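Each value in this text was obtained by applying a stated rule to the coordinates, not by laboratory testing. All figures in this text were calculated on a predicted structure; none of them were measured in a lab. Every residue, glycine among them, receives a Cβ derived from its backbone with ideal geometry; neighbour counts consider all protein chains shown.
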Amino acid sequence: MNAHRLPSPDPGAKVRQDVANWIKANARTLDSADPSAPLSDLEPLRAAVGDAVIAGLGGSTYGAREQFTMIHRVVRFLVEELGFRTVATEEDWDVALPLNDYVRSGYGDLDTLMKESGVPWRVQEMQDAVAYLREWNAEHPDDLVSFVGVGVIDTRLPVYDAVAEYVAKHAPDRAAELTAHFDVIRPTRPDHVPWFIMQVKEKDPYVEHARSVLRLVQSSGGSGKGHELATQHARQIVAFYEHYAYHLVDDGYRDEQMAENLRWWHQYSGDKIAYWSTNAHSVRAESLEISVPPRGSLHFKPTGATLADLFGESYVSIGLTYDRGTVNSGWSAPPFASRPLETPTQPDEFHERPFANDLPRYLVDLRAQAPEAVAGWLAQTTKGRVIGSVCDDSRPDDHYMTGGSLADWYDVVIHEQTVTPSTPL
């Protein structure tokens, strides 16, 4: 009697279809992912960004060419149409300093500078974006754009040298005191980071020396922009040692410091900032859980949530998603060689699934008016793709993030149906 009973209907199927219909009805088709293409199709961003002073641009993978190039296009729109004058990335503060010199003055060789940058930013698509910023500045010498790194996990010798130069000029009587601290903490060996992590058992003294350097600079008697910048350099030295001493597993410290660096740079420069990141850092989620096989799960408050606390509606979150394709992954150990990873269309529980349709790429404002079922879907706890620098190639669907809703995470989503790998340098 029950042999021909029909299967029970999926209660979520209708909601997913309603969501898919709403997305397509509100989608604004994007003509191209080519960074040099005309920008008229991005005009909906004018209203979406509004008066925001920081725009978070978060991709769902480090390794997709189209997410790099689309963010490049969005950066162009923010710079050329909306007056943004800083591009900030997860690159570390010190690593970005010579890149900023290049962008603003043309000093240095871009090929060399990019090869010294962090992975997975060491790709042709990122180099093209930096070259664009240099071209803009060459053509607009009185309206320069800056390139800033807000990361804290790599602090190199030029930062120490800048602090020493400042103290020698403004507090020469304390130069010997500074030297005593630097004799302990100044990195002089090529393997300084692994050496400090693995071989230094008592890390507290290093942290205290770094904190003493910060207090010395703060009390050096200087003032103005030079003093602010020297103090910022010293803060990065502290953050470096605190990170490796106490926060080696991502627990939110790095994201808190990145948000503080963005806040400081906005105050220091007065610029509106395009924060080029990944969605694991740019989303607004008070508590984010990230599944990173084989490492397990990470739990922290991302940079975007702190920026929302600091700037309110003046922080706008733009997420980049995709349906399927091949991306670069890996970079988990020297020599940091990437490898291709096939990422198929995801299961129904991922929020990317309803974005898959016959439009190659498009933009949708999640704040658009929505029927009750769609509004409920946007407000429910969500699950989305994130592929970082550590990846288990055999389990692509086990790389995800959750915590908070899609409406919490993003104001705008830019969706690409198919992606290809980025181009390592």
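Amide H contacts under 5 Å for Thr278: Gly59, restricted to partners 5 or more places along the chain or on a different chain, H placed in the peptide plane at 1.01 Å from N.
Phi-derived couplings, Karplus 6.51 cos²θ - 1.76 cosθ + 1.60 at θ = phi - 60°, listed residue by residue for the range 250-263: 4, 10, x, 4, 4, 5, 4, 5, 5, 5, 5, 5, 5, 4 Hz, with x used for Gly and Pro. Enter the Cα centre distance for the pair the range 152-224 and the range 353-388, rounded to the nearest angstrom. Here the two parts' Cα centres lie 47 Å apart.
For Lys24, a cut-off of 24 angstrom between C-alpha atoms picks up these lysines, skipping any fewer than 8 places away in its own chain: Lys14, Lys383.
With charges only on Cβ, +1 for K and R and -1 for D and E, what is the dipole size of the chain about its Cα centre, in debye, rounded to 20? It would help to have the intermediate numbers written out before the result.
On the way: 39 positive and 61 negative charges, 84 e Å.
About 400 debye.
Hey, could you get me the Stokes-Einstein D for the range 294-425, Kirkwood radius over alpha-carbon pairs, 37 °C and 0.692 mPa s, rounded to whole µm² s⁻¹? The Stokes-Einstein estimate is 201 µm²/s. Backbone amide hydrogens, once placed in the peptide plane, bring Thr423 within less than 5 Å of Gln124, Glu125, excluding anything fewer than 5 places away on its chain. Three principal axis extents describe the C-alpha atoms of the chain; from largest down they are 92, 50, 37 Å.
For Ile387, the amide hydrogen comes within under 5 Å of the amide hydrogens of Thr61, Tyr62, counting only partners 5 or more places away or on other chains and with H modelled in the peptide plane. Residue-wise HN-Hα couplings along the range 62-76, as the Karplus relation 6.51 cos²θ - 1.76 cosθ + 1.60 with θ = phi - 60° gives them from phi, are 7, x, 9, 4, 5, 6, 4, 5, 5, 4, 4, 4, 5, 4, 4 Hz; Gly and Pro carry x. Protection proxy ranking for 301-309, 34-42, 398-406, using the average of other Cβ atoms within 10 Å per residue and placing the highest first: 301-309, 398-406, 34-42. For the range 225-240, the Karplus equation 6.51 cos²θ - 1.76 cosθ + 1.60, evaluated at θ = phi - 60°, returns couplings of 4, x, 5, 4, 5, 4, 5, 5, 4, 5, 4, 5, 5, 4, 4, 4 Hz by residue, with Gly and Pro reported as x.
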